[in-house]
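Below is one structure, written out as structure tokens; comments come after it.
What follows is calculated from the coordinates using simple rules that are stated; it is not laboratory data. Only a predicted model underlies this, so the values are computations on that prediction, with no experimental measurement involved. Quick reminder, even Gly has a Cβ in these numbers, built from the backbone with ideal geometry, and neighbours come from all protein chains shown.
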Amino acid sequence: MGLRTLRTPDDLIAAGLVPAAARQALTAVAARYATAIPPGIADLIEQPDDPIGRQFIPDASELTLASHELLDPIGDDAASPIKGIVHRYPDRALLKPTLACPVYCRFCFRREHVGPDGGVLTEAELDAAVAWVAAHPAIEEVILTGGDPLILSARRVGAMLERLGSIAHIQRLRVHTRVPVMAPERITGELVAALDTEKPLFVVLHANHAREFTEAARSALGRLRYGGVPVLGQSVLLRGVNDSEAALRELFTTMLSCRVKPYYLHHLDPAPGTARFHVPIVEGRALMAKLRGTISGTALPRYIQDAPTGKTTLA
């Protein structure tokens, strides 16, 4: 379809992903929420509302706020003591070094903040964030998230992990990312080496449909595997994407075939303009019940709901 990331309504129209008649409505959406569809992902889209297109092509309904939706659906803002840090659990903290991503999901719970202009923490801001972690000895684990931390250079990722790993009370590190499936070319030997830390580190891959595991993605995951980096998988239960027993079975078994352990299936967070993706909890529980006993236990994640008070296991 092309070699360029699609970012504007005109890009989407030129690529044949939306009709020209949608330009005005999508321009209004673009004024509030970022769009980015890398060429490899655009090539996977067969129809605008297929399981891939639905995740990434903007829709006019995103500007409609449902009664249950919140600007800060899981309470990140209230739990942020300093720029770049979220501290919602006594023994863990999130570090958000950037708010940019290789692709912008239309259901993102941080959609009010992420975007190409979200920026990267300055050196002074990163110093302050690392110092805050160092000053809180109850924190045993730091999770790099964002945005997507793996869009940063290998040098910067490695330097951050080295600094965090040198803090005596930090026992584990995690990196939450979509890069291996959305921008697999970024998983270079240099980046894999940067993820080879002295303290235990897990990459947690966000993927929602089996078709995201292209040959390029499988190769990227292979590079992580050969580099000794363990990978867990997390997904979001999404209407029209993976809300069937067959779709979830294929997603979880495909993860396992790539040596990615399914870890969490998230109930959709109530972010603004995401109602078209909502699957009721009772339906999610029923899907998990159908899978249990008919699929390897290694393929079953925990079905969880996030909230400002913490995570609740639903199934």
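Hey, of [x] -0.44, -0.82, -1.52; [y] -0.52, -0.85, -1.35; [z] -0.50, -0.92, -1.61, which did the structure itself give for log10 I(q)/I(0) by the Debye sum over Cα atoms at q = 0.09, 0.12, 0.16 Å⁻¹ when calculated?
The calculated read-out lines up with [x].
Can you quote the Å³ per residue value for the convex hull of the Cα atoms in region 179-260, rounded to an integer?
Hull volume normalised by residue count: 80 Å³.
In region 209-257, which chymotrypsin sites (Phe, Trp or Tyr not before Pro) fall in coil by DSSP and have 16 or fewer other Cβ atoms within 10 Å?
Listed in order of number, the matching sites amount to none.
P(r) for region 1-63, please, calculated from all Cα pair distances in 5 Å bins and given in %.
Whole-percent P(r) values from 0 Å outward: 4, 21, 33, 28, 13, 2.
Do the alpha carbons of any pairs in 261/311; 83/261; 290/311 sit beyond 28 Å of each other, and which pairs?
Going by Cα-Cα distance, 83/261 fall outside the 28 Å limit.
For region 177-223, run through the GluC sites (Glu not before Pro) and keep only the ones in DSSP coil with at most 16 other Cβ atoms within 10 Å of their Cβ.
Answer by residue number: 198.
Only helical DSSP H runs with n ≥ 4 go in: add -39500 (n - 2.57) per run for the chain, normalise by residue count and round the 222 nm mean residue ellipticity to 500 deg cm²/dmol.
Estimated from H runs of four or more residues: -8000 deg cm²/dmol.
Give the residue list of trypsin sites (Lys or Arg not before Pro) in region 206-312 that are DSSP loop and have at most 16 other beta-carbon atoms within 10 angstrom.
Passing both the DSSP loop test and the Cβ count: 259.
Evaluate the charge dipole of region 211-257 about its Cα centre and quote only its size in Debye, nearest 20, assuming +1 on the Cβ of each Lys and Arg and -1 on the Cβ of each Asp and Glu.
Charge dipole of region 211-257: 180 debye, to the nearest 20.
Percentage of Cα-Cα pair distances in region 223-315 greater than 22 Å, rounded to whole percent?
29 percent
Stick to the Cα atoms of region 79-190, pair each with every other, and give me the Kirkwood hydrodynamic radius in Å at one decimal.
Final number for the Kirkwood radius of region 79-190 is 14.3 Å.
Relative contact order of region 66-313: what whole-number percent is it, with Cα pairs under 8 angstrom and at least 6 residues apart?
19 percent
At R0 = 30 Å, how high is the FRET efficiency between residue 259 and residue 69 if r is their beta carbon distance? Nearest 0.05 is fine.
About 0.25, to the nearest 0.05.
Order of 258, 101 from fewest to most other C-beta atoms within 10 Å?
Ordered by Cβ neighbours within 10 Å, fewest first: 258, 101.
Determine Rg/Rh for region 1-123; Rg is computed over alpha-carbon atoms and Rh is the Kirkwood hydrodynamic estimate from the same atoms.
My calculation of the ratio gives 1.02.
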